Amino acid sequence: MFIVRKIVPIAVLSYVLNLAWEMSQAFLFAPHFSGAVDFIFIHVVVAFTDVMLTLLILFPEFFLFDRIFRKGDEWKRIVLTASLGFLIAVGIERYALSTGMWAYGSFMPIIPLLGVGLTPVLQMTVLPGVIIRIQKGASSWIRVVRNIDAVKQRKETTTIFDARL
């Protein structure tokens with residue numbers, strides 16, 4: 001149940017946001033596609049990989065942070081999630097560049113001392129936190145709607161019961 005209620009919505013939201021991010025930063029990389037269909041196919045596939053990375057980055061959020069932090073420590077959760085995303089992104093970028101998996105174009109801003117692109121690192125640093133905030137906001141909104149529905153049902157049940165007397 002946890003997977004369906006928590007992981008699946010986050011994975012879907014992660015896919016949509018990462019696909020948009022990947023497609024928007026494509027011009028910052030060395031040419032890696034030929035034509036519109038190839039452009040779409042490559043980024044659709046890469047976005048699935050990004051979902052797996054996002055879930056890895058969010059693993060502590062799912063299983064550890066509720067046990068470690070109090071409700072008022074939200075900023076600590078954000079900083080730790082962003083830090084983990086940053087470290088993973090820098091590691092992946094360094095590996096991919098050194099093995100020739102991809103290359104940057106001339107427009108890619110490079111992080112000094114690290115020698116990796118800014119936008120891919122920002123993607124894994126910022127998006128996981130944004131995804132969690134959106135998901136938590138949506139969950140709160142859904143709870144409010146369910147509570148409103150429950151109150152309406154109680155009123156209808158009471159009205160029907162009262163009418164029979």
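General observations
- The stretch 101-123, subset assigned to a helix (DSSP H, G or I) and of a type in the set (A, V, I, L, M, F, W, C), residue nearest to Ile88 (Cα to Cα): Val121
- Residues satisfying the stated conditions in the stretch 1-59, i.e. outside any helix (DSSP H, G or I) and either of a type in the set (Ser, Thr, Tyr) or surrounded by 14 or more Cβ atoms within 10 Å (Cβ to Cβ) (or both): Phe29, His32, Phe33, Ser34
- The set of residues from the stretch 25-50 being within 22 Å of Ala89 (Cα to Cα) and of a type outside the set (A, V, I, L, M, F, W, C) comprises Gln25, Pro31, His32, His43, Thr49, Asp50.
- Number of the exception - Met101 against (1) touching a strand residue (DSSP E or B) at 6+ places or on another chain (Cβ under 8 Å); (2) of a type in the set (A, V, I, L, M); (3) loosely packed, with under 13 Cβ neighbours inside 10 Å: (1)
- Between Val79, Val51, the distinction of being closer than 18 Å to Arg133 by Cα and at pLDDT 95 or above belongs to Val51 only.
- First in the stretch 109-125 and over 17 Å from Leu53 (Cα atoms), second anywhere and surrounded by fewer than 19 Cβ atoms within 10 Å (Cβ to Cβ) and of a type in the set (D, E, K, R), Cβ under 9 Å, 6 or more apart: Leu114/Arg94; Gly115/Arg94; Val116/Arg94
The values are calculated or read from the model by the stated rules, or taken from the named source; none is laboratory data. Since the structure is predicted, the reported quantities are computational estimates derived from the model, not experimental observations. All Cβ positions, even for glycine, are placed from backbone atoms using ideal geometry, and neighbour counts span all protein chains on display.
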